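Chemist: To start, I am sharing the structure in question, which I have written as structure tokens.
The values are calculated or read from the model by the stated rules, or taken from the named source; none is laboratory data. What you are looking at is a predicted structure, and each value in this text was computed from that prediction instead of being measured. Neighbour counts are summed over all protein chains in view; Cβ atoms, including those assigned to glycine, are modelled from backbone coordinates with ideal geometry.
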Amino acid sequence: MQIMTLTAPWAPGAEIPLKHTQVGDEISPALSWTNVPEAAGSFVLLVHDVSAPVTPGTDDLLHWLVWNIPGTSRSLPEGMPQGPELPDGTRQISVTGPNYRGPGAAAAGPPHVYVFELYALDGMLDIPALGPEGATVAQTRAAVMAAMAGRVRGKAVTAGTFKRKGT
């Protein structure tokens with residue numbers, strides 16, 4: 001697996017700017033990546049809060065899952081449009097719908113860590129954005145992750161932190 005580089009508008013591990021959070025305008029950040037494997041047919045972006053408390057047997061809090069990003073892409077623009085499927089075939093979900101959900105950790109407790117993982121795959125995934133009739137976000141996420149098995153050609157990771165100010 002090739003190690004790629006994923007760049008966000010903050011230094012790795014630094015605080016995520018307010019405009020990209022629930023406190024701000026909840027605008028998806030511009031992301032770019034390099035050192036992509038030649039065999040990249042598509043990309044999957046997983047953004048999740050690894051600090052959020054979870055119920056046993058469930059995943060951490062999904063803030064954004066974007067898949068079928070074309071293999072020729074090397075970036076996502078700031079302020080990605082909402083919608084389950086974009087004109088270029090990119091699909092997306094989050095716990096709040098077919099859109100980016102910004103960080104929103106409460107003021108009480110430590111800052112949360114939000115991990116951005118980018119995977120280069122050998123092709124597109126045949127997983128609908130809204131999943132089968134009645135599929136939950138967790139089921140759609142699980143289907144995407146399962147469909148990636150054996151198809152990952154590269155990976156990049158970056159992270160940021162966030163905590164609301166005040167009490």
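Chemist: Any idea which residue in the stretch 109-142 is surrounded by the most Cβ atoms within 10 Å (Cβ to Cβ), counting only those that are under 26 Å from Pro37 (Cα atoms), of a type in the set (Gly, Ala, Ser) and within 15 Å of the chain's Cα centre (by Cα)?
Modeler: Ala120
Chemist: If you don't mind, there's one more thing I want to ask. Among (1) surrounded by 14 or more Cβ atoms within 10 Å (Cβ to Cβ); (2) over 22 Å from Pro12 (Cα atoms); (3) among the β-branched types (Val, Ile, Thr), there is one condition Thr72 misses while meeting the rest; what is its number?
Modeler: Only one criterion is unmet by Thr72, namely (1).
Chemist: Another question, if that's okay. Restricting the stretch 143-160 to residues that are surrounded by 15 or more Cβ atoms within 10 Å (Cβ to Cβ) and outside any strand (DSSP E or B), which is modelled with the lowest pLDDT? Spell out how you get there, then give the answer.
Modeler: Quick first cut of the stretch 143-160, residues surrounded by 15 or more Cβ atoms within 10 Å (Cβ to Cβ) only: 143-145, 147-148, 151-160.
When the remaining residues are screened for being outside any strand (DSSP E or B), the result is 143-145, 147-148, 151.
Values: Ala143: 92, Val144: 95, Met145: 95, Ala147: 97, Met148: 97, Arg151: 97.
Among those residues, the one meeting the criterion is Ala143.
Chemist: Which residues, counting only those in the stretch 1-25, are touching a residue at least 24 places away in the same chain (Cβ under 8 Å) and among the hydrophobic types (A, V, I, L, M, F, W, C)?
Modeler: Met1, Ile3, Met4, Leu6, Ala8, Trp10, Ala14, Ile16, Val23
Chemist: Tally time: how many residues in the stretch 26-65 are free of Cβ contacts under 8 Å to residues at least 40 places away in the same chain, surrounded by 13 or more Cβ atoms within 10 Å (Cβ to Cβ) and not in a strand (DSSP E or B)?
Modeler: Filtering the stretch 26-65 down to residues free of Cβ contacts under 8 Å to residues at least 40 places away in the same chain leaves 38, 53-57, 60-61, 64.
Within this subset, residues satisfying the condition of being surrounded by 13 or more Cβ atoms within 10 Å (Cβ to Cβ) are 60-61, 64.
Then keep just the ones that are not in a strand (DSSP E or B); that gives 60.
Total meeting the criteria: 1.
Chemist: Of the residues that make up the stretch 75-85, is at least one within 12 Å of the chain's Cα centre (by Cα) and of a type in the set (S, T, N, Q)?
Modeler: No, the stretch 75-85 contains no residue that is within 12 Å of the chain's Cα centre (by Cα) and of a type in the set (S, T, N, Q).
Chemist: If you check every pair at least six apart or on different chains, which have Cβ atoms under 7 Å apart with a residue in the stretch 92-115 that is over 17 Å from Thr161 (Cβ atoms) first and a residue that is β-branched (Val, Ile, Thr) and modelled with pLDDT of 95 or more second?
Modeler: That search, which allows pairs on different chains as well, returns Gln92/Val66.
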